[in-house]
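K.L.:
I have a structure I would like to understand better, so I am pasting it below and will then ask my questions one at a time.
The values are calculated or read from the model by the stated rules, or taken from the named source; none is laboratory data. None of the values given here were measured: they were computed from a predicted structure. Methodologically, a virtual Cβ is constructed for each residue, glycine included, from the backbone with ideal geometry; neighbour enumeration extends over all protein chains shown.
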Amino acid sequence: MQRRFEGRVALVTGAASGIGRATALRLAAEGARVAAVDRDAAGAQRTVAEIAEAGGTARSFACDVASSAAVAETARAAEAALGAADVLANVAGIGDRGGAPIESIDDTVFHGVLAVNLAGPFYFCRALLPGMAERGRGAVVNVSSLAGRTKSALGGLAYTASKSGLLGLTRHLAFDYGPRGVRVNAICPGGVDTPMIRSAAAAGAAQGGEIAKLRAAHAAALQALMPIKRLSSAEEQAAAIAFLASDDASYINGVSLDVNGGLFMA
Ligand SMILES: NC(=O)c1ccc[n+]([C@@H]2O[C@H](COP(=O)([O-])OP(=O)(O)OC[C@H]3O[C@@H](n4cnc5c(N)ncnc54)[C@H](O)[C@@H]3O)[C@@H](O)[C@H]2O)c1
């Protein structure tokens with residue numbers, strides 16, 4: 001394992017589970033001191049314990065990324081505990097119900113998904129980018145989705161809108177902060193074997209009805225067309241995040257990197 005983050009501090013949201021957990025472990029294994037942020041305090045603590053067991057340094061922070069005040073407080077607490085962040089990985093995210101007709105999506109659901117998936121990364125970028133720019137270095141990786149590039153086979157309308165918006169946020173910040181030494185990129189995972197995709201698949205199957213049948217057929221067709229005939233592991237996504245966050249990607253700024261095994265190519 002390389003040590004590309006020796007002496008650096010990384011803040012990772014969604015660090016209790018799936019891609020966020022794998023990213024926290026990967027960055028710590030490469031030398032970063034990691035702030036493991038999640039609304040699931042016990043899960044974040046478990047990730048921190050795993051990092052410590054492997055000889056790394058990490059602290060957990062319970063935080064709902066949809067809360068502007070909680071994010072500002074967490075950013076301050078993480079800096080006080082570990083030092084100023086060099087890397088920000090915005091991984092926390094939630095899905096919504098695929099196949100739900102627009103008239104069935106109430107304001108609470110729509111705004112709730114956007115609050116976590118789009119406002120959360122905005123709040124953390126707002127809290128951390130000015131400091132990175134002042135120090136003249138930093139890297140942000142936002143976790144969007146295949147849904148942000150096209151649409152989702154399993155997720156719904158608000159999920160697609162949030163992940164697409166996140167790519168716009170990424171490009172805009174890359175333009176604004178590139179001149180000040182901060183790179184901002186995104187990855188767009190395809191299907192990743194994590195609790196999120198397992199629960200989305202189960203919810204889709206339980207939905208029943210014509211739309212559920214069509215979506216299942218769509219998902220099966222996609223699977224048949226996958227050039228790499230399996231889901232990705234969380235670790236494969238974490239490897240892409242670590243690459244974009246590292247100096248190996250020093251001239252890469254504003255990209256939406258597809259990490260989908262070639263399922264969608266453009
Ligand atoms: N699994 C996939 O197939 C897939 C595909 C494309 C994109 N993604 C994206 O990858 C990211 C990680 O997903 P995953 O598959 O690892 O899911 P996961 O459910 O395993 O992990 C998501 C983590 O985010 C945390 N979280 C959710 N809402 C939060 C909030 N408001 N505040 C703080 N933490 C919160 C959860 O507690 C959980 O630990 C998400 O942004 C997701 O949209 C996943």
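K.L.:
Scan the stretch 60-97 residue by residue and report those that are part of a loop (DSSP other than H, G, I, E, B) and within 12 Å of the ligand (Cβ to nearest atom).
P.N.:
Scanning the stretch 60-97 gives Cys63, Asp64, Val65, Ala66, Ser67, Val91, Ala92, Gly93, Ile94, Gly95, Asp96.
K.L.:
So which residues in the stretch 142-196 are hydroxyl-bearing (Ser, Thr, Tyr) and either touching a Gly at 6+ places or on another chain (Cβ under 6 Å) or within 19 Å of Ser232 (Cα to Cα) (or both), if there are any at all?
P.N.:
Within the stretch 142-196, Ser144, Ser145, Thr150, Ser152, Tyr159, Ser164, Thr194 qualify.
K.L.:
Which ones in the stretch 1-39 are over 18 Å from Ala72 (Cα atoms) and within 10 Å of the ligand (Cβ to nearest atom)?
P.N.:
Ala16, Ser17, Gly18, Ile19, Gly20, Arg21, Ala22, Thr23
K.L.:
Look through Gly7, Gly18 and report the one residue that is touching a residue at least 24 places away in the same chain (Cβ under 8 Å) and out of contact with any helix residue (DSSP H, G or I) (no Cβ under 9 Å at 6 or more places or on another chain).
P.N.:
Gly7
K.L.:
Of all residues being assigned to a helix (DSSP H, G or I) and in contact with a helix residue (DSSP H, G or I) (Cβ under 7 Å, 6 or more places away or on another chain) in the stretch 194-204, which is modelled with the lowest pLDDT? Just the residue, please.
P.N.:
Restricting to residues being assigned to a helix (DSSP H, G or I) and in contact with a helix residue (DSSP H, G or I) (Cβ under 7 Å, 6 or more places away or on another chain), the top hit is Gly204.
K.L.:
A follow-up question, please. Any idea which of Glu235, Glu210 is among the acidic types (Asp, Glu), over 18 Å from the mean Cα position of the chain (by Cα) and either away from the ligand (no atom under 15 Å from the Cβ) or surrounded by 14 or more Cβ atoms within 10 Å (Cβ to Cβ) (or both)?
P.N.:
The conditions single out Glu210.
K.L.:
Arg230 is checked against (1) buried (at least 18 other Cβ atoms within 10 Å of the Cβ); (2) under 29 Å from Thr47 (Cα atoms); (3) more than 11 Å from the ligand (Cβ to nearest atom); (4) not small (Gly, Ala, Ser) and fails just one. What number does that condition carry?
P.N.:
(1)
K.L.:
Let me ask something else about it. Residue under question is Asp258, and the condition is that it be touching a Leu at 6+ places or on another chain (Cβ under 8 Å) and of a type outside the set (A, V, I, L, M); does it hold?
P.N.:
Yes.
K.L.:
Being surrounded by fewer than 19 Cβ atoms within 10 Å (Cβ to Cβ) and either touching a residue at least 24 places away in the same chain (Cβ under 8 Å) or β-branched (Val, Ile, Thr) (or both) is the filter here, so list the residues in the stretch 44-58 that pass it.
P.N.:
Once the filter is applied, which keeps residues that are surrounded by fewer than 19 Cβ atoms within 10 Å (Cβ to Cβ) and either touching a residue at least 24 places away in the same chain (Cβ under 8 Å) or β-branched (Val, Ile, Thr) (or both), the stretch 44-58 yields Arg46, Glu50, Ala54, Thr57.
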